[in-house]
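What follows is a short report on a single structure.
The values are calculated or read from the model by the stated rules, or taken from the named source; none is laboratory data. Keep in mind the model is a prediction, meaning the values are calculated, not measured. Every residue, glycine as well, gets a Cβ built from its backbone with ideal geometry; the counts of neighbours run over all protein chains shown. The protein model used for the area step is the full one, side chains on, heavy atoms only, and it has no ligands, DNA or RNA in it. Shrake-Rupley method; radii C 1.70, N 1.55, O 1.52, S 1.80 Å.
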Amino acid sequence: MMQKKSLAALVATLFAVPFAAHADVTIYGFISSSIESTKATGATAGSASDYKSRTRVVDDNSRIGFKGFEDLGNGNKAIWQVEQSLKYFENGGTNDKGETATFATRNSFVGLDNASFGKVIVGYNDTAYKSMTNIGLNLFGDSTAENNGSSQVYSRAETRLKNSVHYFSPNWSGFQVGVSYGVDEARLNNVKADGTVTNTNGQTNTSRISLAGNYTNGGLQVAAGWDRQYDRGVSNASGAAANWAGKNVDFYKLATSYKFATGTFVGAGYEFGRFGSSTSGADLKQDDWTLSVGQDIGAATLKLEYSSLGRLKGATAGTEDNYKAHQWALGADYNLSKSTKLFGYYTKITNKSAQNANFANTSIYTSGVGGSSAALAAGVDPQAFGVGLKVAF
């Protein structure tokens, strides 16, 4: 009998030790999926570039992550995080470009945190420009209806930086600042927008720097940011970016929002982009903006967003307006619990003849489906109506 008790105690100890040693590890994430009706039309009547109406089951940017810390004493902590996308779990983990989900596909880093000094992290992480200027404007985040991102209508300087270091300050009476720097480990030769490769001016250094700050006071939030990618030029003919020594791409953003005690949310953001030219022409310029409105009604929230991408100033004469786009998004959330919600949405992107703004998380493609060259034809207008369920953990 004593031997049985000793054996039981030993087994319990063996199982308990690993859990005790890693008690600070947090597992988090969410699973979200929608069923929607989607199409993209607007090209020449009957054109193969049209994406015919169809029903889709989509993954709404689901993810799983692991994070933790070690208390080093004197207010210092070592921190770490590994987060990965559950990209297109509804399709067996492969999307329409043939990409599959791998480990550490999202914010993953190691760093130090001090309550008085702030936080420094190294790895793969959202820039300060992206993380600090959202301030709640992205009401449809993670769904097909989201409008934020590099190939979308608004906030096109957003990115997650590889090989990067970041600093985020403490909160000083509502103020916070951040800076991000990503190194260029490839150092390639110049590549014009037309694909021509040349070593003129030597190798490029497409490092990236991002600065941002925000202020919060009750329901009021205000944010500003600047982002620069060095040695990136564009062609005045197409606006396509390519490595080009001595040319830069700059973005500037201002945003503000307010949440009233009545549950009403209003917000607006403006972004301006300047693109160095890889030809002898002038730099290209293009702005974008968004308006967001939400209203809480008990467990439900009604949402409306409108975003606009302006003319491409400096493009070939007579074509500047062809690069415009705008997006409507209308929807509602209903919280079944603190971690589970139902949601529905309708969104439509209207692209001018030279623009191909796409859905943020569940992009659609009219050519090259299944390969890395998958693309949406310019001038077609994606739209979707969907309902979904999100469960956080």
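Here is how the numbers come out for the structure above:
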| item | result |
| --- | --- |
| Extension gain, Q203 back to L304 (0.36 nm per residue minus Cα-Cα distance, nm) | 31.8 nm |
| Rounded FRET efficiency, nearest 0.05, which uses the C-beta distance separating T26 from A317 and R0 of 45 Å | 0.20 |
| Charge context of F69, other residues only, Cβ under 14 angstrom, K/R +1, D/E -1 | -1 |
| Spread of Cα-to-Cα distances over 10 Å intervals beginning at zero, given as percent, for segment 255-393 | 11, 29, 32, 20, 8, 1 |
| Centroid-to-centroid separation of segment 304-376 and segment 100-145 [C-alpha atoms, Å] | 22 |
| Relative frequency of Cα-Cα separations exceeding 16 Å in segment 247-315, percent | 59 |
| CD proxy at 222 nm, helix term only [per DSSP H run n ≥ 4: -39500 (n - 2.57); per residue of the chain; nearest 500] | -2000 deg cm²/dmol |
| Percent carbon-and-sulfur accessible area, the chain, ignoring ligands, DNA and RNA, probe 1.4 Å | 58 |
| Point-to-point label distance, T55-E70, nm (Cα→Cβ direction, 7 Å offset) | 5.3 |
| Degrees between helix 2-21 axis and first principal axis of the chain (Cα, 0 to 90, nearest 10) | 30 |
| Simple spin-label estimate for S151 and N189 in nanometres, 7 Å along Cα-Cβ | 2.8 |
| Quotient of C-alpha Rg and 2.2 N^0.38 Å, computed over segment 302-356 | 1.68 |
| Average accessible area per residue (Å²) across the chain - probe 1.4 Å, nucleic acids and ligands excluded | 49 |
| Gained length - Y346 relative to Y167, 0.36 nm times residue gap less alpha-carbon distance | 60.7 nm |
| Net charge of Cβ neighbours under 14 Å - reference T55; Lys, Arg +1; Asp, Glu -1 | +2 |
| Peptides 86-93, 332-339 ordered by average Cβ neighbours within 10 Å, highest first | 86-93, 332-339 |
| Calculated volume of the Cα convex hull per residue in Å³ (choose from (i) 172; (ii) 188; (iii) 202), label | (ii) |
| Lysines with Cα under 21 Å of K390, excluding same-chain neighbours fewer than 8 positions away | K87, K303, K338, K341 |
| q = 0.11, 0.17 Å⁻¹: log10 I(q)/I(0) that the Debye formula gives for segment 54-209, counting C-alpha atoms only | -0.60, -1.22 |
| Contour excess over end-to-end distance, with Cα ends at A115 and A78 and 0.36 nm allotted per residue | 12.1 nm |
| Peptide ranges 267-275, 171-179 listed from the most packed, as the mean C-beta count within 10 angstrom indicates | 267-275, 171-179 |
